[in-house]
Amino acid sequence: RHFAILAGVVTVVICSPTLLAQAPVAVTGIVQDQTGAVVQGARVTLVRQTDASKRSASSSSDGSFRFDAVSPADYVLTVQMTGFENFQDVLTVGLENRRPMIVRLRVGTLEQEIIVEADSSDKLSTSASDAATTKIGDDVIGKLPVGSDDLMAVFTRFLSPAALPAEGVSLLVDGVPGEQLDLPSSSISNVRVDRNPYSAAFQHPGTARVEVSTKRGHRSRYDGALDSFLRTSLFAARNAFADSVPDIATRLVQPTLGGPLPGKKAAFFVAGQRFTKDESAVTDAVTVAGPFVANVPTSHRHDNIFTRPQWWPNDLQVLAATYTFNDQVFKNRDSGGFNLPERGVGVERRKHKVTVTHSLLSPSGWQNNIIFSFTHEADRTGAPAAAPGIVVNDAFAAGPSPSFVTDNKRTVDVQNVTRYYARARHSLLFGARVRADQIATADATNFGGTFEFGSLQAFIDRTPLTFRINQGDPNIAYGVYLATGFAQDEIRVTPQLTLTFGLRYDWQSTIHDRDNVAPRLAFAFAPGRRKQTVVRGGAGTFYDNLPRAATERSLLVDGVQVHEVVIARPAFPNPFGSGETVSPPPSTVRIAPDLRAPSLTQASVGIEHELWAKSWLTTEYSVLRGDHLFRTRNINAPLPDTGLRPNPAFVNVNQVESTASQRTEALAVTFQGRIGKVFQPYARYILSKTTNDTSGAFSLPADNYDLRGESGPADFDARHRFNLMGVLSLPRAFQLGLLMTASSGVPFNLTTGFDDNGDTVANDRPTGVTRNTGRGPAAVQLDARLSKNFTMNHEWRGSQRRDVVTIGVDVFNAINHTNVTGVVGVEASPFFGRANSAAPARVVQFSARYSFRQ
């Protein structure tokens, strides 16, 4: 008995440390920056090493954090905060409560340029800037069915046509605005669409913007690749409007290389591209001899070079420079549709672009970016026309192309962007940008003249509607200047609520309106502690620029520099009569003296919900209102009562005005994340309605004195739109990349094909018919890519090396659906009510890629 008691006592003594070790304790601490100021909103994670269980918290307004009931064990504590380096430490939690930790975060070092805004994280964020973003990395791009020649077409699927500016998509490459994505596709690191929709740092809404970041070399390894693909007529389908399958020979070769430079303080990246495309455009027209259908050979050659050296003088600075060379040659461009083969034109484009970026990060929390870029572009389109052209409205177009333009443009763009993290509660962002364009152009378009006929019968009867010809000096030089300033404050009111206030001002030298102050507001609220649901919203005003083409036309076609001669119902083929040399009064293009910068006001509210790990569903309702949109109106058209022109010294006076408007409502549902372990989709459905009263800056109304008939559905008003992008993992390490788009039909205009009101423009509509009354068919396209990687890891010259060979097959328009590019609405046309052109039919592409890392 005594032995049993003694054994029990010994057992209790031996086991007591273990029993005591199970008593939970608290882990507390304070997060500070290097100056000793507290940091609010830092994400603190505690991971138990034995079972990887994880607990998370955020630092409060006084910088403190606390984990209660922590069982003794070994843990890894991680503290993360935007703008600072991650803090990580191993803790051993024992029998007693620990003293509060002091965690001092260091300002993060610069590994590459600081983009204007921070990226979204892989979790639901309460930052007002972290709205659902379409982000496509280079690893995803390589798995999708994307051809090097149509990258932008893929990215713009996720934009809102209603939000686009007058000159098209707002494109930024490494923070510098541009007009074309003139980079080798292999130099793209990632692409973001609809990021930070209400940021004052950007001129246009997120749904109108594509942001591209380029690759850089690493200081510790070499990366290289060689890409190639080939498309041929093999397995290609016949275009719906062609008689036979056209010849196709499209080839691409892309080498890339990046790595360290001597000294371990610098790195380089270089990429090149040779792209050749020999295909055909389908002409589907009706001439006097009957239907004319032909595959017209076309070609496109595109050479591209991208280089990027980058230096790190220290941990807080980075200096980078990029040089891009772009050379393109087109043959028989503009062929197809109603254009007969002789209408094709040659185009040559050459572009040099240099960008220098300096990024500085200070220990006190400042981040500063200075970006300088210089661009030189030289273009040549067409050749002098030896004879007048002939256009029979929506039947055929014959004779030489009227296009003949040489263009030389130099652009200097400088911007400075600064961000400051003020004690973690405020994130200040402010900056300025100036841009100067110097343009010299010679536009001799239509110096050969063009006859326009209202119908095929009118051509047979030799009774044209009009004859137009430009005469004079086509050479002009001018400058366009832009300036911008903005300021923004993102306030973390609580860990659950963030507010962003911004103000932006845009100035353009070609618009005398100076009242262009654009306020912006955004918020994000996450109720509850788990933050599985975030409510986001915002509102803002966005101002647009006057298109360069409007300025150029007003300077060129002013009645002095160039005379545009318009003759109604002329003689054919000699419009001036036998021996006649006196020209009628000229026509001109003008900018309205009261022109204002167009504004787009957008407001939205949405709910994001985390369905499961790294998978979200977002529902958003938005409204857009466009005011002072551009249109052209003939202010010298014949008066309805008298038929006389107000100013007999001119025929037409086409005035670019800012008197149009637009209204849009949209409901969007977006899913992004994972379905199981094999499918990573990004899918978006949009139900929308857009009405406006203009088709663009140069669209003329049917009645220049009564614009009520111009109000109708927008040209792009597809009520239903669905886009899918995803990668499916298949057995045996195969991967299937998918791109799908589906939309309901867009409107088309119904016209008579004749000039009933005498304004020399054949866009009159039947009585009682308003603009865009017709509606085209739906469009569906499915592209797919099947690929497989073959990887080999081995040692080479004393270091580890990884070689990867990727074989892929892409099928574009896999279901071979006929997607028409427009429906003819001209009643006098033999094609009335149907289409004569469509997007490409099914085509197959074979690709191979070799890459290495060492």
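Every number in this text was worked out from the coordinates using simple rules, so none of it is lab data. From a predicted model like this one, the values you see are computed outputs, not experimental measurements. So basically every Cβ, Gly included, is an ideal-geometry build from the backbone, and we count neighbours across all protein chains shown.
Miscellaneous remarks
- In region 246-379, the convex hull through the Cα atoms has an average projected area of 11.6 nm², a quarter of its surface area.
- Residue range of the chain that is longest and free of GluC sites (Glu not before Pro) which are both DSSP loop and sparsely packed (at most 11 other C-beta within 10 Å): 97-579
- The percentage of C-alpha pairs in region 571-693 whose separation is greater than 21 Å is 67%.
- Straight-distance candidates among the aspartates and glutamates for linking to LYS264, with alpha-carbon spacing under 20 Å and chain neighbours fewer than 8 residues away dropped: GLU111, GLU113, ASP223, ASP315.
- Charge sum, other residues only, whose C-beta stays under 14 Å from LEU667's C-beta, Lys/Arg counted +1 and Asp/Glu -1: +2
- Evaluated at q = 0.18, 0.23 Å⁻¹, the base-10 log of the normalised Debye intensity for region 402-486, with identical point scatterers placed on the Cα atoms, takes the values -0.88, -1.04.
- Note on ASP315, ASP706, ASP443: ascending count of other Cβ atoms within 10 Å places them as ASP706, ASP315, ASP443, the fewest first.
- Candidates ASN793, ASN326, TRP507 compared by Cα position along the dipole of the chain: farthest toward the positive end lies ASN793, with charges placed on Cβ.
- About the Cα centre, charge dipole magnitude for region 586-745 (Lys/Arg +1, Asp/Glu -1 at Cβ), debye: 700 debye
- Other residues with beta-carbon under 13 Å from the beta-carbon of ILE591 carry, at +1 per Lys or Arg and -1 per Asp or Glu, a net charge of +1.
- Summing charges over all other residues whose Cβ lies under 12 Å from the Cβ of THR134, with Lys and Arg as +1 and Asp and Glu as -1, gives +4.
- Straightening the chain between SER744 and SER220 buys 183.6 nm, computed as 0.36 nm per residue apart minus the Cα-Cα spacing.
- Amide N proximity, region 463-504 versus PHE447 label position 7 Å along Cα-to-Cβ, cut-off under 14 Å: 469-476
- One decimal place: the segment HIS426-VAL780 gains 122.8 nm when fully extended, by the rule 0.36 nm per residue minus the C-alpha distance.
- When the chain is described by a simple charge dipole with +1 on each Lys and Arg Cβ and -1 on each Asp and Glu Cβ, the residue from VAL169, ASN704, PRO363 located farthest towards its positive end is PRO363.
- Between THR791 and THR818, the FRET efficiency estimated from the beta carbon spacing at R0 = 51 angstrom works out to 0.80.
- For region 134-213, the dipole from Cβ point charges (+1 on Lys and Arg, -1 on Asp and Glu) about the Cα centre works out to 340 debye, to the nearest 20.
- Per-residue HN-Hα couplings for region 482-492 [Karplus 6.51, -1.76, 1.60; θ = phi - 60°; Hz; x = Gly/Pro]: 10, 8, 9, x, 8, 8, 8, 10, 9, 10, 8
- For region 622-679, applying the loop criterion from DSSP together with a ceiling of 13 other beta carbons within 10 Å to the trypsin sites (Lys or Arg not before Pro) yields LYS677.
- Around the Cα centre of the chain, unit charges on the Cβ atoms of Lys, Arg, Asp and Glu (plus for the first two, minus for the last two) sum to a dipole of about 3640 debye.
- A Förster radius of 51 Å combined with the Cβ-Cβ distance from ALA387 to THR773 puts the calculated FRET efficiency at roughly 0.85.
- Selection among THR418, ALA432, THR406 by position relative to the dipole of region 399-440 gives THR418 as farthest towards the positive end (Cβ unit charges, Cα centre).
- Links that overshoot a 27 Å alpha carbon limit, given the list LYS277/LYS677; LYS135/LYS788; LYS135/LYS265; LYS143/LYS351; LYS135/LYS677; LYS215/LYS614: LYS277/LYS677; LYS135/LYS265; LYS143/LYS351
- Among the trypsin sites (Lys or Arg not before Pro) within region 525-578, those in coil by DSSP and having at most 14 neighbouring Cβ atoms inside 10 Å are ARG529, ARG530.
- Alpha carbon centroid spacing (whole Å) that separates region 767-813 from region 548-627: 34 Å
- Residue separation of ARG350 and ASP315 scaled by 0.36 nm, minus their Cα-Cα distance, works out to 8.8 nm of gained length.
- In terms of surrounding Cβ atoms within a 10 Å radius of their Cβ, TYR75, TYR222 rank from fewest to most as TYR222, TYR75.
- Here Cα Rg over 2.2 N^0.38 Å was computed from the coordinates, and among [x] 1.11; [y] 0.98; [z] 1.23 the match is [x].
- Where the Cα pairs of region 622-726 fall when distances are cut into 5 Å bins, in %: 2, 11, 16, 14, 12, 11, 8, 7, 6, 5, 3, 2, 1, 1, 0
- A simple spin-label model places the labels of LEU234 and SER615 3.9 nm from each other, with each point 7 Å out along Cα-to-Cβ.
- Close amide H contacts of GLY337 (hydrogens built in the peptide plane, cut-off under 5 Å, sequence separation of 5 or more or a different chain): VAL282, THR283, ASP284.
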